[in-house]
Amino acid sequence: MSDKKFVYASILLFAGIFLIFLSLNHDVDSHGTKETFLVRTNGSVVCQSCIGLSDANFFYNFKKLFSGEKEDKN
Amino acid sequence: MKRKFIQLTFFIFQNPFIHNFVAGRPYAGPLKTVCVPGLHCYSCPAMAFSCPLGTIQYVIKYASAIPYLAIGTLMSVAAVFGSASCAYFCPFGLIQESFYGISPWKKKIRIRKGVRHLKWGFLLIFVLLMPLLDLAQGFCAYICPSGMLTAGIPILSVNSEYFSSMDITFYWKLFFLIAVIFYVMYERRAFCRYICPLGLMLGLANRFSFYKIKIEKNRCKGCDVCVSFCPMGLEPRKEINTLDCIKCGDCVDSCPTKFNALSRGFNAKRN
């Protein structure tokens, strides 16, 4: 039993480290933006959601979701 | 006392850029690429690193991608410490315990059995579903009291240009922050008990993580002294290393020396 738990923890640890390495080379869009770049950029500016200012358009987004209206993110 | 020292050390370690409060802008250097396992807003001007919860929501919503970095970090930390990082590294955990410490109306309350599962709702709806449906960064936008306390209030107090954007979302978050602060002064670590999705994700590995609390059942006399010391309101005799346990070790310290039934560490025998 204890060996099993050790194996689970080891697998989780190695999978976690693998994902961190993967994120270093992972492109999040077709322009080749790296995930690490995205995370750093996001953390470096004032996040409107965090300070409670954004998503006033939540109801608009909600309506859009169910009306089938699409918006090109790029 | 030792745990408080570690919490304070990590708090200072994560917040070296105090001078940024004057300008009301967050630090923008390379350290922001690193996620740290604790609830602390990356928009806090003093914060050096990134919040894994915020990162998960942002990458899902704005890049429609799997947030490998934040998930990988959480998996690695969970494998080694489980949710002990809530007890030792989380700045908002320290903030809650500080409010509880100075509170004139604190009570020792056991965790509420049904309400403890609310965390799943916050994780699934606000952290995963709302960004997935491109609605909002749900947890950051509507729930996170850490964001309001360490980023919203300090940034808005020095940047008047944001005032015109204040709407019901802002007032809701402010109300929620005040409610959380008052409630954690009454019930210890109430936010961790019922709301925090980060603690939930880390706690999923509690049963098998390397760092463990160990109980020797033949030594435990069931005196339940540890129950009154548990910050999560658990019954350590039955509930150590469970999903809600933050492995703080307060039960270990409180166990009467004549019994010495509890221990902690990486080499604690796995039971």
- Surrounding charge for B:R116, neighbours by C-beta under 10 angstrom, Lys/Arg +1, Asp/Glu -1, total +3
- Query: Which shape class, rounded, prolate or oblate, goes with chain B when its Cα gyration tensor gives a ≥ b ≥ c as root eigenvalues, a/c under 1.5 marks rounded, and past that a/b bigger than b/c marks prolate?
  - Reply: prolate
- Candidates B:D250, B:D167, B:D134: whichever shows maximal mean-square fluctuation once chain B is modelled as a Gaussian network with Cα springs under 10 Å: B:D167
- If you wrap a convex hull around the Cα atoms of the protein assembly as shown, how much volume per residue is inside, in Å³? 147 Å³
- Task: Rounded to the nearest 500, what is the 222 nm mean residue ellipticity of the protein assembly as shown from helices alone, with -39500 (n - 2.57) per DSSP H run of 4+ residues and division by all residues?
- Result: -13000 deg cm²/dmol
- Message: Could you give the length gained by full extension between A:I17 and A:H31, i.e. 0.36 nm per residue of separation minus their alpha carbon distance, to one decimal place?
- Response: 2.5 nm
- So, relative contact order of region B:124-271 in percent, Cα under 8 Å, 6 or more apart, is 20 percent
- Check each of the chymotrypsin sites (Phe, Trp or Tyr not before Pro) in region B:84-121 and keep only those in coil by DSSP with at most 15 other C-beta atoms within 10 angstrom; list them in order. B:W105
- Query: Across region B:199-243, how large is the tail of the calculated P(r) beyond 17 Å, expressed as a percent of all Cα pairs?
  - Reply: 37 percent
- Cross-link table A:K34/B:K32; B:K4/B:K221; B:K4/B:K217; A:K4/B:K119; B:K217/B:K258; B:K107/B:K258, entries beyond 26 Å C-alpha to C-alpha: B:K4/B:K221; B:K4/B:K217; A:K4/B:K119; B:K107/B:K258
- Message: With 10 angstrom as the radius, rank A:H26, B:H19, A:H31, B:H117 by how many other C-beta atoms surround their C-beta, starting from the fewest.
- Response: A:H31, B:H19, B:H117, A:H26
- Go through B:K106/B:K238; B:K108/B:K173; B:K113/B:K238 and tell me which ones have a Cα-Cα distance over 20 Å in this structure. B:K106/B:K238; B:K108/B:K173
- Work out the mean other chain Cβ neighbour count within 10 Å for the residues of B:156-166 and drop it here as an integer. 2
- Message: Could you compute Rg(Cα) / (2.2 N^0.38 Å) for region B:99-183, with N its residue count?
- Response: 1.31
- What relative contact order, as a whole-number percentage, does chain B give when Cα pairs under 8 Å and 6 or more residues apart are counted? 22 percent
- Query: In what sequence, highest mean first, do B:124-130, B:66-72, B:258-264 appear when ranked by Cβ atoms within 10 angstrom?
  - Reply: B:66-72, B:124-130, B:258-264
- Query: What shape does region B:115-271 have by the C-alpha gyration tensor, where a ≥ b ≥ c are the square roots of the eigenvalues, rounded means a/c under 1.5, and otherwise prolate means a/b greater than b/c and oblate the rest?
  - Reply: prolate
- Message: Quick check: net charge around A:K34, other residues with Cβ under 15 Å of its Cβ, Lys/Arg +1 and Asp/Glu -1?
- Response: -1
- Note on the structure: In region B:105-207, the trypsin sites (Lys or Arg not before Pro) that sit in a DSSP loop and have at most 12 other Cβ atoms within 10 Å of their own Cβ are B:K108, B:K113
- For region B:180-271, what does the alpha-carbon gyration tensor say about shape, rounded, prolate or oblate, given a ≥ b ≥ c as the root eigenvalues, a/c under 1.5 as rounded, and a/b over b/c as prolate? oblate
- Determine the gain in length on full extension of the stretch B:E216-B:K258; use 0.36 nm per residue of separation and subtract their C-alpha separation, reporting nm with one decimal. 13.8 nm
- Note on the structure: Here the alpha-carbon Rg of region B:228-271 over 2.2 N^0.38 Å rounds to 1.10
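Read-outs throughout are calculated quantities, based only on the coordinates presented, and are distinct from any laboratory measurement. Every value quoted in this text rests on a predicted model; they were computed, and no experiment measured them. Here Cβ is always computed from backbone atoms with ideal geometry, including for glycine, and neighbour counts include all displayed protein chains.
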